[in-house]
Structure formats: C-alpha cells, structure tokens
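The values are calculated or read from the model by the stated rules, or taken from the named source; none is laboratory data. What you are looking at is a predicted structure, and each value in this text was computed from that prediction instead of being measured. Ideal geometry is used to build each Cβ from the backbone, glycine not excepted, and the neighbour counts take in all protein chains shown. Keep in mind that these areas ignore ligands, DNA and RNA; they rest on the heavy atoms of the full protein, side chains included. Shrake-Rupley method; radii C 1.70, N 1.55, O 1.52, S 1.80 Å.
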Amino acid sequence: MAVLAVIAIAVGLVLAERLYRVFEVHLAGLILRVITTSGVFVVGERETVYFGLSGDTPLGLRMTPECSSAFMLLPLLLVTAAMLYFRPRNAKRLLSSLAISAIVVILVNQMRVLAIVGLVNMLGIDEGYYWGHTLLGSMVSVLGGAIALVLFVWLSTRKPRAEREAV
C-alpha cells in the first residue's frame, strides 16, 4: 500500500504541478513579507510573486515548471517507492526520510528565490537577475538537490539506533 501511495503522490504532483507552483509562489511571498519591507504581492493565478513594490524598480518572479521544486521531488518519490517495494519492513524509516528530504528540497528552492531577490536588490534587475537566476540559482538547486538525495539515502539506510549502540 505504501508503494502505491508514494507513486500516487508522484503522479498527483505531475498532474497538479501548476497548483504546486501556486503553493510555492505563495510560500515565497510569505517568506519575503517576513524579511523585506519593500512590498510584496502574490498573484497565484499567474504563479508570480512581485517584490520591491515601494522602490523604483519593482519586479515579478514567475514560478515556471522548470523553476519549481516539483520535478526535484519526483526522483525522491520514485526512489522511495522502489525502496519500499524491496524493503517494506523499513517503511517508517523510508517515509520519514522522504519527508525530511522533501522539506529540504522545498526550502532549497525557496533559498533560490531569495537569492534572486537579494541579488536583484543589490545589483539591479539585469545583472542581479542574471547572477541570481542563471548562475547562483542553478548552483543552489543542484547542490541542494544533491544534499537532499544524500540525506535521504543516509537517513533511509542507516541502522536503527539500537543496532548502532550495540556495536
């Protein structure tokens, strides 16, 4: 049942990918409202968060499918489903490892958005967006995805505490 549930989540994520992007853009707006005073506005139907509204150069960031963490979550979900199939007795550990790693992936993508916003504020729209989206943002996504995958494997394959302490 757990295998089918994880596969259903993966399929649901693909089918409801646009709704997931709306969630991500609302999350970005929430975080930006906490850390900035320059004005933030979220338009969920456009998957866009606007920031810098009280300044001279407001900007909107649209969460496109390739910028979403949805497709970074899919490998974690599929690996979890495969591991559940072959090791069903480890379901609790696998599902908790998936939850932790998924949170890391989501937060990494939010850090990517924050990096873009920060660099746009520091360097201006053209240069800040280039450095924030193309270079730093891509690096954050790749490294964050790798960290989440390594974390997932480590958490899901380590021995239970009782076995580790018995050695």
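Which of (1) without any contact (Cβ under 8 Å) to a residue 60 or more places away in the chain; (2) open to solvent by 30 Å² or more (accessible area, probe 1.4 Å) is the odd one out, the single condition residue 2 does not satisfy?
(1)
What are the residues in the stretch 12-29 that are over 15 Å from the mean Cα position of the chain (by Cα) and open to solvent by 100 Å² or more (accessible area, probe 1.4 Å), if any?
Passing the criteria: only 15.
Would you confirm whether any residue within the stretch 79-90 is without any contact (Cβ under 8 Å) to a residue 24 or more places away in the chain, part of a helix (DSSP H, G or I), open to solvent by less than 80 Å² (accessible area, probe 1.4 Å) and closer than 23 Å to residue 10 by Cα?
Within the stretch 79-90, one or more residues are without any contact (Cβ under 8 Å) to a residue 24 or more places away in the chain, part of a helix (DSSP H, G or I), open to solvent by less than 80 Å² (accessible area, probe 1.4 Å) and closer than 23 Å to residue 10 by Cα.
Taking residue 97 and the conditions (1) within 16 Å of residue 151 (Cα to Cα); (2) open to solvent by less than 30 Å² (accessible area, probe 1.4 Å); (3) under 12 Å from the mean Cα position of the chain (by Cα); (4) not β-branched (Val, Ile, Thr), which numbered condition does it fall short on, given that it satisfies the others?
Failed condition: (3).
With the requirement that a residue be assigned to a loop (DSSP other than H, G, I, E, B), open to solvent by less than 60 Å² (accessible area, probe 1.4 Å) and among the β-branched types (Val, Ile, Thr), what does the stretch 32-53 give you?
Matches in the stretch 32-53: 36 only.
Can you tell me how many residues within the stretch 114-167 are without any contact (Cβ under 8 Å) to a residue 24 or more places away in the chain and surrounded by 19 or more Cβ atoms within 10 Å (Cβ to Cβ)?
Matching residues across the stretch 114-167 total 3.
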